[in-house]
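Okay, structure first, notes after.
The values are calculated or read from the model by the stated rules, or taken from the named source; none is laboratory data. In this text the structure is predicted, and so the values were computed from the model without any measurement. Glycine also receives a Cβ, built like all others from the backbone with ideal geometry; neighbour counts cover every protein chain displayed.
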Amino acid sequence: MQGVNRSNYVESEGKRTGRRALLTAAGLIAAGSVPAAVALLEGTTNGSGRKRARWVKDVDRPTLGEKTAEFKRFSGSNIFELHKQLKTERDGVGALEAEQAAKAKRLAGWMRQSKPGFRLPDHQLSEGAWTLMKSIKPGEGLLSWTRVAVSTPDELGVARHTAPPEEMAQTVKVAARLYGAGLVGIAPMNESYVNLRQARRDIVFEDVTVPAVTDTKVVIPRTMKWVVAIAIPMDLDLLSRAPTSLGDAATGLGYSHSAFTVASLAEFIRGLGYQAIPSVNDTALSVPFAIEAGIGELSRLNRLVTPEFGPAVRLCKVFTDLPMACDTPVDFGLVQFCRKCKKCAESCPSGALSFDDEPSFKTKGPWNNTGHKAWFEDSYLCFQHWQQVDNGCGICLASCPYTKAARAWIHDVVKATASVAPVTDGLFRVLDDAFGYGRQHDPEQWWAKDTPHGVRG
Amino acid sequence: MPNSGSTVSITIRKRPWWFWTFAGLWALLEVLIVQTAVASVRESEYRAAAMSWTAVAVLAAIGVLGCLFQGRSRV
């Protein structure tokens, strides 16, 4: 120790020990802050059993979709029927048929040439994914408005299941998740969201206890005061290959899972001793019910965007007379973000989406319901583009910055920051582009993946 | 031995509070970006993964340089 002041050395040793302790503490804090931050983002479960991130705030009314007295029940025209009518009006009789024949010929050519994303296996993968959805009809079979096979409590010799509304909501939500729901919420029935007609029959509300489908009308009992709104996540691995047959497979799979989920949930509810009507795209508008059930917010796409899956979901619902606690709409800063972002509108090859800074009451055509505020889309242009690819497109869904697989923590950090600091929205849009998100993934690579695919993407 | 019996005094200055603040932030950022890089590969977002790994390397270099610089000024 010669040459070194011993007292200084001892003091230095003491400091070193202190620093070591401090360093250890700092390390522990840093290590602990990560799960703490994750827990903060993870959020808590509210009274009706819904678990959301803390940055998804419950609000009294939807952030977009303000309605006027002009808002009324939608005709319920099928988009394909509407398109056929418009096409005939604009391009003459037989125009749609000629367009579809050209499309079929073009698709066959792509299959013969093995064009990536449109090869025979790609196309048939999509056809397979659509199987369940294409084999159902509203009010019939799997989507029957009365029980399919379940035994009622009467038949089992027990009383029907009763519980407080909060507990009932929790029970139904857990069951819905098991059957495939990515997000589920409860909304009150709103007759103005129910279509006027379905398959050339009027949809009416009557003071009856059992729903009925007759040759002339379909009857929804007024006792059905609750709607279980459900979002089925689409497979992001497939959707990121849009607009190809692979991208269309994500849509078909989402719809087929929707049919399975609502059919199963309706049977579960009937088995508890109540009435239930399963519905995918039929019977009523899914988006306003999903908004009121707090599943997401209305976006620039004029579609629902969820905090967890973005717009990459398919919506479906079950109407029931089972009393449940309702959820409230949510606000996670989406409308502000949509004002600045516009990535979906820029990505849309047909120019169908609005570039307006502000949403308005001005609709773009008969496919839009009047009397509510939105960024309205030109569905005719959108549908025209569908004729250029396989069944559907999906680029807008894939390009939205909220469409992210939930694997990277950074996505939650970005979404949480955007929800509380709209000033960062422009920056996040720039970074989303810089990091290459929303670009089409190579269709051929999908078949080479050795990981199991599932609906979660 | 002309210096025999003389005393040499070395004072090691305590690291300032802001050093630990920056170190904590740096560690947190590194963990976040490494996780993003790994997750991006699994999400097949290869451009995002490449940019994240670059950010990890740059941040690590800044950390090492910062420690060296701060270490020299302590004695």
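Can residue A:389 be described as in a helix (DSSP H, G or I) and hydrophobic (A, V, I, L, M, F, W, C)? Break it down into steps so the answer makes sense when it comes.
Working: in a helix (DSSP H, G or I): no; hydrophobic (A, V, I, L, M, F, W, C): yes.
Here the answer is no, as residue A:389 does not meet what is asked.
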>> Just to confirm my filter: which strands (runs of 3 or more DSSP E) fall fully inside the stretch A:199-289 and include at least 2 residues that are touching a residue at least 60 places away in the same chain (Cβ under 8 Å) and farther than 30 Å from residue A:449 by Cα?
In response: A:217-221, A:226-233, A:276-279
> Scanning for something without any contact (Cβ under 8 Å) to a residue 40 or more places away in the chain, facing chain A (nearest Cβ under 7 Å), hydrophobic (A, V, I, L, M, F, W, C) and under 20 Å from residue A:414 (Cα atoms), does the stretch B:13-30 turn up at least one residue?
Replying inline: yes
> Among the residues of the stretch A:68-78, is any without any contact (Cβ under 8 Å) to a residue 40 or more places away in the chain, on the phi < 0 side of the Ramachandran plot and either in a strand (DSSP E or B) or acidic (Asp, Glu) (or both)?
Replying inline: no
>> Test of understanding: among A:405, A:398, A:418, which residue is touching a helix residue (DSSP H, G or I) at 6+ places or on another chain (Cβ under 7 Å) and assigned to a loop (DSSP other than H, G, I, E, B)?
In response: A:405
> In the stretch A:445-457, is there at least one residue being of a type in the set (Gly, Ala, Ser), touching a residue at least 24 places away in the same chain (Cβ under 8 Å), within 13 Å of another protein chain (Cβ to nearest Cβ) and closer than 19 Å to residue B:52 by Cα?
Replying inline: no
> So which residues in the stretch B:13-31 are over 15 Å from the mean Cα position of the chain (by Cα) and surrounded by 15 or more Cβ atoms within 10 Å (Cβ to Cβ), if there are any at all?
Replying inline: none
> When you scan the stretch A:287-341, how many residues do you find that are over 14 Å from the mean Cα position of the chain (by Cα), more than 22 Å from residue A:372 (Cβ to Cβ) and surrounded by 23 or more Cβ atoms within 10 Å (Cβ to Cβ)?
Replying inline: 4
>> Take the residues in the stretch B:42-55 that are more than 8 Å from chain A (Cβ to nearest Cβ) and surrounded by fewer than 17 Cβ atoms within 10 Å (Cβ to Cβ); name whichever of them is nearest to the chain's Cα centre (by Cα).
In response: B:54
> What's the number of the condition residue A:173 fails, among (1) surrounded by 21 or more Cβ atoms within 10 Å (Cβ to Cβ); (2) farther than 30 Å from residue A:307 by Cβ; (3) modelled with pLDDT of 95 or more?
Replying inline: (2)
> Out of the stretch A:413-444, which residues are within 11 Å of another protein chain (Cβ to nearest Cβ), touching a residue at least 60 places away in the same chain (Cβ under 8 Å) and buried (at least 20 other Cβ atoms within 10 Å of the Cβ)?
Replying inline: A:432, A:438, A:441
